[in-house]
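Okay, so here's the structure we're looking at.
The values are calculated or read from the model by the stated rules, or taken from the named source; none is laboratory data. Given the structure is predicted, the values throughout are model-derived calculations rather than measurements. FYI the Cβ positions are ideal-geometry reconstructions off the backbone, even for glycines, and counts take in every protein chain you see.
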């Protein structure tokens, strides 16, 4: 499989921020890994136009499970595809926590993404309390079982493990802890989708930065990263892309 460096801009970025995309493409025109940025919805079309014909793919951060209808303020997967997106993040912990999204809803969104011909990036992860009480594997196993779409394949599914307590905090699990979770997820995927599991990229997310990227990418079954704050600047995200390309 080709590894994936994905950036989640979250609620950051205006038209002026596209200068960072230009700088990223100038510095890394042909990386050995795949490169994806998921800006806010207001920038998807503009970023997709800028990325056309380059190594950069553009994704979205969420979608509605329905393809159309009376859902004020929501955006469907088909609309995101029309704007130029190729991937959609679903089930990020900030959606699960801030918006009360259940795994059943995440699965419905992931199925909408797949139905629209896009790739779903399904996020799972435990809280600090769940980690401290030894429930990590039970929690993420339950989330994975209930969140991945029917008909999932290596072509339409990416799984992102993001320990909630490591997102934006500067803290990261130990390499041993990351290895334990990613190995567990690979095995769980084998039970859910069979041989297709071998080609599903399992990303690590949670305070990934240029200084720790190489060590994280050396961990077995870490097939890339879902990067938050460090994806906003071309120099930082480019260094992560370079580390993944060399892994």
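Name every residue in region 163-187 that is part of a loop (DSSP other than H, G, I, E, B) and out of contact with any helix residue (DSSP H, G or I) (no Cβ under 6 Å at 6 or more places or on another chain), in order of residue number.
Residues of region 163-187 part of a loop (DSSP other than H, G, I, E, B): 163, 167-174.
Correct list: 163, 167, 168, 169, 170, 171, 173, 174.
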Exercise. Can residue 91 be described as over 25 Å from residue 242 (Cα atoms) and surrounded by 14 or more Cβ atoms within 10 Å (Cβ to Cβ)?
Worked result: yes
Exercise. Residue 103 versus (1) in contact (Cβ under 8 Å) with a residue 40 or more places away in the chain; (2) surrounded by fewer than 22 Cβ atoms within 10 Å (Cβ to Cβ); (3) more than 17 Å from the chain's Cα centre (by Cα): which is the lone unmet condition?
Worked result: (3)
For this session: Kindly establish whether residue 55 is surrounded by 18 or more Cβ atoms within 10 Å (Cβ to Cβ) and at pLDDT 95 or above.
Result: no
Exercise. Do you know which residues across region 118-141 are within 30 Å of residue 79 (Cα to Cα) and either part of a loop (DSSP other than H, G, I, E, B) or more than 16 Å from the chain's Cα centre (by Cα) (or both)?
Worked result: 118, 125
For this session: Run residue 76 past the list (1) crowded, with 17+ Cβ neighbours inside 10 Å; (2) under 16 Å from the mean Cα position of the chain (by Cα) and report the number of the one that doesn't hold.
Result: (2)
